[in-house]
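Take a look at the structure set out below.
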Amino acid sequence: MVLKVGIIGCGGIARGKHLPALVQVEGVELSAFCDVVGDRAEKAIRDFGTETSKAFTNYQEMLREMALDVVHVCTPNISHAEISIAAMEAGCHVMCEKPMAKTSQEAKAMIHTSKVTGKKLTIGYQNRFRTDSQYLNKVCREGDLGEIYFGKAHAVRRRAVPTWGVFLDEEAQGGGAMIDIGTHALDLTLWMMNNYRPKYVVGKAYHELSSTEDAANAWGPWNPEEFNVEDSAFGFVMMENGAGIFLESSWALNSLDIKEAKTSLYGNKGGADMNDGLVINGEEKGLLYEKKIELQTGGVDFYDEIGEDPALEEAKSWINAIMNDKEPLVKPEEALVVTEILEAIYESSNSGKPVFL
């Protein structure tokens, strides 16, 4: 069985994550490449396609002309829902990059279309596929931490503002650091806690460093006139069962406590922290202990001692779910809750009030 895959959006996330992973997955044929910049689609064909692959600048034309099985949506947030819905209606299973959508209403429409068409839908939260994430999730599922009543979702950069594309454009993206990298940390934390029933949210977004001229930055200084999204945002989520989650997200923060796509968990039997390697802590026989987990896969590791490449593992898991008619690891209903919480944090920041969900 060979699945014909189309890529919509051939920019950084497609070239850095989706395409290098998909070309390694058995049973995948990269058949169509679409980008509003035609040269990007043509280059993607040269680098990742085959002699029969076709390039498009209009995704609707691509969906009409190509008999595709799967579509990966790698475009700005504003078009995630529109394109994903069109692809499912055209008979394709859809992997959409994070966040699921710009708004929760759009995310709900995506889920509705998936149910109506019977097509699978998943969201690109590849950090679940890291070896440390997989291990910690097993620890949580087996009850080693007990009831997890508090969690922290970490996504903090000192100075790493993405200055290309539309990252700084609120209309296109829906927000800044929180919707870009905070979304990964929140997804990890909710998944570990296995708790998707938020009650209310309080949050605050900040525009404190975005006006800096000639800023030191990993990708060069940003243009303050174009930087109209938050540089940092923080939120507190109270769940229906009384558990709480603190989310910290920043592209630019005067802090040396840097961590991204990490979680800290606090249960009534033990705790876990990803920030300096994976550490489990607890109490046993009247003594406190800390156990640093040395992650090994049993073979030869080529990825900084954390096992397999999470992007490749994500792609293999997704394609396997399609071929064997299984539920994808990242369920759209879970990704919807992430979007609802992020949306509520922005709303709370604007109103100065808690937002009940």
(request) Could you please find all residues in segment 210-234 being touching a strand residue (DSSP E or B) at 6+ places or on another chain (Cβ under 7 Å), hydrophobic (A, V, I, L, M, F, W, C) and under 21 Å from E171 (Cβ atoms)? (result) A233
(request) Could you list all residues from segment 92-119 that are touching a residue at least 60 places away in the same chain (Cβ under 8 Å), closer than 26 Å to G182 by Cβ and either in contact with a strand residue (DSSP E or B) (Cβ under 8 Å, 6 or more places away or on another chain) or not assigned by TED's automatic domain parsing to the domain that holds L19 (or both)? (result) M95, E97, K98, P99, M100, M110, I111, S114
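It is to be established whether one or more residues within segment 168-175 are touching a residue at least 40 places away in the same chain (Cβ under 8 Å) and either assigned to a strand (DSSP E or B) or outside the structural domain of D214 (by TED's automatic domain parsing) (or both). Talk me through it step by step, then tell me what you get.
Looking only at segment 168-175, we keep the residues that are touching a residue at least 40 places away in the same chain (Cβ under 8 Å), and these are 168-175.
Of the ones still in play, those that are also either assigned to a strand (DSSP E or B) or outside the structural domain of D214 (by TED's automatic domain parsing) (or both) are none.
No: segment 168-175 contains no residue that is touching a residue at least 40 places away in the same chain (Cβ under 8 Å) and either assigned to a strand (DSSP E or B) or outside the structural domain of D214 (by TED's automatic domain parsing) (or both).
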(message) Looking at K98, K108, can you tell me which residue is among the basic types (K, R) and either buried (at least 24 other Cβ atoms within 10 Å of the Cβ) or closer than 20 Å to P310 by Cβ (or both)?
(response) K98
(message) Scan segment 54-69 and tell me whether some residue there is of a type in the set (G, A, S), touching a strand residue (DSSP E or B) at 6+ places or on another chain (Cβ under 7 Å) and within 24 Å of Y125 (Cα to Cα).
(response) no
(request) Look at segment 219-257 and say how many of its residues are out of contact with any helix residue (DSSP H, G or I) (no Cβ under 7 Å at 6 or more places or on another chain), over 13 Å from A185 (Cβ atoms) and either surrounded by 13 or more Cβ atoms within 10 Å (Cβ to Cβ) or of a type outside the set (A, V, I, L, M) (or both). (result) 21
(message) Can you pull out every residue in segment 293-327 that is at pLDDT 95 or above, in contact with an Asp or Glu (Cβ under 9 Å, 6 or more places away or on another chain) and not β-branched (V, I, T)?
(response) K316, A321
(request) Any chance you could count how many residues in segment 227-278 are closer than 26 Å to D132 by Cα and of a type in the set (D, E)? (result) 5
(message) So T189 passes all but one of these: (1) touching a residue at least 60 places away in the same chain (Cβ under 8 Å); (2) of a type in the set (S, T, N, Q); (3) in contact with a strand residue (DSSP E or B) (Cβ under 6 Å, 6 or more places away or on another chain); (4) more than 18 Å from K259 (Cα to Cα). Which condition number does it fail?
(response) (4)
(message) For a quick check of your reading of the model, give me the residue pairs whose first member lies in segment 223-245 and is more than 22 Å from V337 (Cβ to Cβ), whose second is of a type in the set (G, A, S) and part of a strand (DSSP E or B), with beta-carbon atoms closer than 8 Å and at least 6 apart or on different chains.
(response) D231/S250; D231/A252; S232/A205; S232/S249; S232/S250; S232/A252
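The values are calculated or read from the model by the stated rules, or taken from the named source; none is laboratory data. What you see is a predicted model; the values in this text were computed from it and never measured. When we count neighbours, we look across all protein chains shown, and the Cβ atoms used for this are built from the backbone with ideal geometry, even at glycine.
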